[in-house]
Amino acid sequence: MKILILGGDGYLGWPTAMFFSNRGYDVTVVDNYFRRNACTELDVGMLYPVPTLVERAKIWHELTGNEIKVVIGDLTDPEVMRSLFTGIVEYSWALDRGFAGIPETVIHYAEQPSAPYSMINYKYANITIKNNLLVTNNLMFALRDFSRDTHVIHIGTMGEYGTPNIDIEEGWLEIEHKGRKDKFLFPRQASSLYHTTKVMDTDLMWFGVRMWGLGITDLMQGPVYGMETKDSVIDKQLRTLFNYDEIFGTILNRFIVQAVVDYPLTVYGKGGQTRGYLNINDTLQCIHMAEKTPAQKGELRIFNQIMETFSANDLADKVQRVGKKMGYDVKINHIENPRKEAEEHYYNPTYQGLIEIGVEPNYLTDEVLAGMLQVAEEYKSNIRKDVIFKGIKW
Ligand code: USQ
């Protein structure tokens, strides 16, 4: 089975590449180093240095004997995207070393993933809109022209739904109106420009499904936590990149790092903001199950990819409790919320679909938190307090 991973250098992309490579799939990864370059440009540190994608693939090969093919290229260029389906080396020199052939599955992570990044100013908003929409549209057209049978697994976001005052369904809502019924995409109301691009991605993919009979699974994911996966434990150099700064770090990963350097946990506003969370190992499980039971042709299948819900206050309390047991003096600070979002709200999403196809959740236990604190402790001397909070306002 051939798997093409778009955005293979990212927080989720690289662990996904190792996961499938370890299970006998023929894996090709593509990336333009957007995340690393943005971190350099914005001067936000990562917890530990991470070898380049090419170096990581080499280390992986030396340790496991498995090959991960690497293509460095910008997928907003339609010719780079199309070369991944045609094998034309002119646009992707790395394909010269072996074109795997048309992939059975494409996993699409190649997006600017940060809400704060998209809200810095108009320039970063435009980079986000341009990157995310062009990559998705280029993928839709490449599939239309070269491979309508390829299953796409896209990582969407729970943030597409926002925080409505009704239960959130898995992607779709049946509506009865003036005596007639139909099924529509669940109402979307994103609260950042990044999240808005994900709403637009869904629309582009739904268009591709309706017009060209594509088969797509869209996984509406909540914030992910963790740095170690079952495949990375063989060598520290294989750990995924890990941000704790305000722009690319997500809440729990940030709290863990803050705890080890005695930086009061940065709860925004009242801290009642509730989201669905999942362990990075569960992202891999969900992708695997979605790959094993693909969407039908002409189907946009949507799952809510979360395992449990917590408020920002719940997470801060957990980190404080486990941190204290480990000897850290963890304080919690409610700082003025730089974002425009509801700080107290109803939140009741459905998330049974992935469990029904075989995913077994890893919950946020004290052991999981302690394990993350231990890794952060290892790299304590790298942690830069100046990047933890700058206050990018919405
Ligand atoms: N928050 C704090 N303190 C912090 C950081 C965040 O209270 O130091 C709060 C935020 O205000 C927000 C919540 O925690 O209410 C989650 O924030 P986040 O930065 O962890 O996550 P978010 O910006 O929503 O984005 C992340 C990923 C994105 C993914 C999304 C899923 O960066 O790629 O799509 O989680 S979701 O949140 O369900 O939309």
query = Using beta carbons and a limit of 7 Å, which pairs, at least six apart or on different chains, have the first residue in segment 328-340 and more than 10 Å from the ligand (Cβ to nearest atom) and at pLDDT 95 or above and the second one open to solvent by 70 Å² or more (accessible area, probe 1.4 Å) and among the basic types (Lys, Arg)?
reply = VAL330/LYS324
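Hey, which of the strands (runs of 3 or more DSSP E) in segment 135-228, taking only ones fully inside, have at least 1 residues that are within 15 Å of the ligand (Cβ to nearest atom) and open to solvent by less than 10 Å² (accessible area, probe 1.4 Å)?
Numbers: elements: 151-157, 172-177, 180-185, 215-221.
The strands (runs of 3 or more DSSP E) meeting that bar are 151-157, 215-221.
Quick one: is ALA370 part of a helix (DSSP H, G or I) and either out of contact with any His (no Cβ under 8 Å at 6 or more places or on another chain) or open to solvent by 80 Å² or more (accessible area, probe 1.4 Å) (or both)? Can you show your working first?
Numbers: part of a helix (DSSP H, G or I): yes; either out of contact with any His (no Cβ under 8 Å at 6 or more places or on another chain) or open to solvent by 80 Å² or more (accessible area, probe 1.4 Å) (or both): yes.
For ALA370, the condition - part of a helix (DSSP H, G or I) and either out of contact with any His (no Cβ under 8 Å at 6 or more places or on another chain) or open to solvent by 80 Å² or more (accessible area, probe 1.4 Å) (or both) - is met.
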Conditions (1) more than 13 Å from the chain's Cα centre (by Cα); (2) within 13 Å of the ligand (Cβ to nearest atom); (3) of a type in the set (S, T, N, Q): number failed by THR293 = (2)
query = Under the condition of being in a helix (DSSP H, G or I) and out of contact with any Leu (no Cβ under 8 Å at 6 or more places or on another chain), which residue from segment 376-394 is surrounded by the fewest Cβ atoms within 10 Å (Cβ to Cβ)?
reply = SER381
remark   = Scanning segment 117-134 for residues that are away from the ligand (no atom under 16 Å from the Cβ) and not hydrophobic (A, V, I, L, M, F, W, C) gives ASN121, TYR122, LYS123, ASN126, LYS130
remark   = Only unsatisfied item for GLN352, checking (1) of a type in the set (S, T, N, Q); (2) in contact (Cβ under 8 Å) with a residue 60 or more places away in the chain; (3) open to solvent by less than 60 Å² (accessible area, probe 1.4 Å), is (3)
query = Would you pick out the residues in segment 232-256 that are more than 14 Å from the ligand (Cβ to nearest atom) and either open to solvent by 10 Å² or more (accessible area, probe 1.4 Å) or at pLDDT below 95 (or both)?
reply = VAL233, ILE234, ASP235, LYS236, GLN237, ARG239
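Name the single residue that is least open to solvent (accessible area, probe 1.4 Å) among those in segment 296-318 being more than 15 Å from the ligand (Cβ to nearest atom) and more than 20 Å from the chain's Cα centre (by Cα).
Here is the first cut: in segment 296-318, the ones more than 15 Å from the ligand (Cβ to nearest atom) are 296-301.
Applying the additional criterion that residues be more than 20 Å from the chain's Cα centre (by Cα) yields 296-299.
Details: GLN296: 120, LYS297: 116, GLY298: 43, GLU299: 59 Å².
Here the answer is GLY298.
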inquiry  = Quick check on segment 257-275: of everything there that is within 11 Å of the ligand (Cβ to nearest atom) and not in a loop (DSSP other than H, G, I, E, B), which residue is surrounded by the fewest Cβ atoms within 10 Å (Cβ to Cβ)?
reply    = TYR268
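The values are calculated or read from the model by the stated rules, or taken from the named source; none is laboratory data. Small disclaimer: the values here were computed from a predicted structure and weren't measured. Please note: Cβ atoms are built from the backbone with ideal geometry, for glycine as well, and neighbour counts cover all protein chains shown. When the accessible area is computed, the model is the full protein with side chains, heavy atoms only, and any ligands, DNA or RNA have been set aside. Shrake-Rupley method; radii C 1.70, N 1.55, O 1.52, S 1.80 Å.
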